[in-house]
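Written out below as structure tokens is the structure these notes cover.
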Amino acid sequence: MRGQGVLNGIADKLDHIYIACGKTDLRRGIDGLVAIIQTEFKL
């Protein structure tokens, strides 16, 4: 797979990866997405 090396490089630097099913409104931008994740996962 073409992008697999990039994903492996990113995953190697992370402590945790959270996968959540459902819809997310990305119009909030990265800061809004981070706020949703922090709230939902109580981080």
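Read-outs: derived from the displayed coordinates by stated rules, not from any lab. Keep in mind it's a predicted model, so treat the numbers as computed, not measured. Note that we place each Cβ from the backbone using ideal geometry, even for glycine, and neighbour counts take in every protein chain shown.
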Worksheet entry | Charge sum, other residues only, whose C-beta stays under 14 Å from E40's C-beta, Lys/Arg counted +1 and Asp/Glu -1 | +2
Fill in: L26-K42 pseudo-label distance in nm [points 7 Å out on the Cα-to-Cβ vector]
3.0 nm
